[in-house]
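The values are calculated or read from the model by the stated rules, or taken from the named source; none is laboratory data. These numbers were taken from a predicted model, which means no experiment stands behind them. No Cβ is skipped: glycine too gets one built from the backbone with ideal geometry, and neighbour counts run over all protein chains shown.
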Amino acid sequence: MTTPSFYVGGAGEQDILACMPETWPVPKEVAGVRIPDSALAREATDYVRSISPPIVFNHALRTYVFGELVARIRNQKPDSELFFLGSILHDLGQTAGYIGKERFEVEGANGAATWLRSRSVDESRIDVVWDAIALHTSVGIVEYKRPEVSLVSTGAVIDLMGWEGAGLDGEQALAVAEAIPRGNFTREYQIVMGEQSRRRPVETTFGNFYAEMGERFVPGFKALSVCDLMDTCSWAALDAEPAHSH
């Protein structure tokens, strides 16, 4: 596969993870959903926008709106500020400053917790935001958590994979996309994740979709597999011995 021209690696190439904040004003309301306007919510929005590629920031903002729309369908009443904090901060791990040795979800959750503590947010609320961020890719598990946690995953998945299965109609979805620009999100967000896979230790891609993105976009990338890990672990040779084979 040809490496995209805006991949990192050569003179004059644009860094897909570079922070290039847009200047369009964040709307106060999108598709009938009010964007939280507390001092903490505004500060979190400004912080994420200042360190994120536009494609990541816009995704985080749409995540909140889609999640709130689904909450209405489900008759859920999440704490809007708390849910918003989890949504707007959920992809901190996809910014250049939060690339470390942990999975991107954990890097983002830890970074959000540190930032919230610096604003003297109560630990019980920080714990909810941490869960929302750390679990947002754990589809099939996160749905059983409280709404402020599960709806972050729900909103993010709608933004990635479409609205049809969530009970939303196309008119609502298009209203969100018009208010919070997508650009060619389907393609470019995959490349963001591929670049993350290239920069991170391969073990941090195990168990999440970064492995798939690495294999698609990063030349020579080989994802870890459970079979490989089992075949090379300390038990493998012992278990293969005749005395242990029955």
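Condition check for W235 on (1) aromatic (F, W, Y); (2) surrounded by fewer than 15 Cβ atoms within 10 Å (Cβ to Cβ); (3) closer than 20 Å to D15 by Cβ: one failure, at (3). Could you look through segment 27-77, keep only residues that are among the aromatic types (F, W, Y) and surrounded by 17 or more Cβ atoms within 10 Å (Cβ to Cβ), and pick out the one that is modelled with the lowest pLDDT? Per the criteria, the residue is F57.
Within segment 158-191, the set of residues being under 16 Å from the mean Cα position of the chain (by Cα), outside any loop (DSSP other than H, G, I, E, B) and surrounded by fewer than 21 Cβ atoms within 10 Å (Cβ to Cβ) comprises L160, M161, F185, T186, R187, E188, Q190, I191.
Within segment 127-135, is there a residue that is closer than 24 Å to A18 by Cβ, free of Cβ contacts under 8 Å to residues at least 60 places away in the same chain and not β-branched (V, I, T)? No, segment 127-135 contains no residue that is closer than 24 Å to A18 by Cβ, free of Cβ contacts under 8 Å to residues at least 60 places away in the same chain and not β-branched (V, I, T).
Report, ordered by the first and then the second residue, all pairs with beta carbons closer than 7 Å, sequence separation of six or more or different chains, a first member in segment 178-201 that is under 16 Å from E212 (Cβ atoms), and a second member that is among the basic types (K, R) and in a loop (DSSP other than H, G, I, E, B). Correct list of pairs: empty, since none qualify.
Inside segment 199-208, can you point out the residues that are assigned to a loop (DSSP other than H, G, I, E, B) and over 19 Å from G140 (Cα atoms)? Result: R200, P201.
Hey, any hits in segment 209-223 for a residue that's of a type outside the set (G, A, S), outside any helix (DSSP H, G or I) and in contact with a helix residue (DSSP H, G or I) (Cβ under 6 Å, 6 or more places away or on another chain)?
Start the filter on segment 209-223 by keeping residues that are of a type outside the set (G, A, S), which leaves 209-210, 212-213, 215-219, 221-222.
This time we only want the ones that are outside any helix (DSSP H, G or I), so: 209, 218-219, 221-222.
If we keep only those that are in contact with a helix residue (DSSP H, G or I) (Cβ under 6 Å, 6 or more places away or on another chain) as well, we get 218, 221.
Yes, that holds for at least one residue.
Annotation: of all residues in segment 78-125 being aliphatic (A, V, I, L, M) and outside any helix (DSSP H, G or I), the one that is surrounded by the most Cβ atoms within 10 Å (Cβ to Cβ) is L89. Mind checking whether some residue in segment 226-244 is assigned to a loop (DSSP other than H, G, I, E, B) and in contact (Cβ under 8 Å) with a residue 40 or more places away in the chain? So far as segment 226-244 goes, no, none of its residues is assigned to a loop (DSSP other than H, G, I, E, B) and in contact (Cβ under 8 Å) with a residue 40 or more places away in the chain. Going residue by residue through segment 63-78, is there one that turns out to be within 20 Å of R200 (Cα to Cα) and not β-branched (V, I, T)? Checked segment 63-78: no residue is within 20 Å of R200 (Cα to Cα) and not β-branched (V, I, T).
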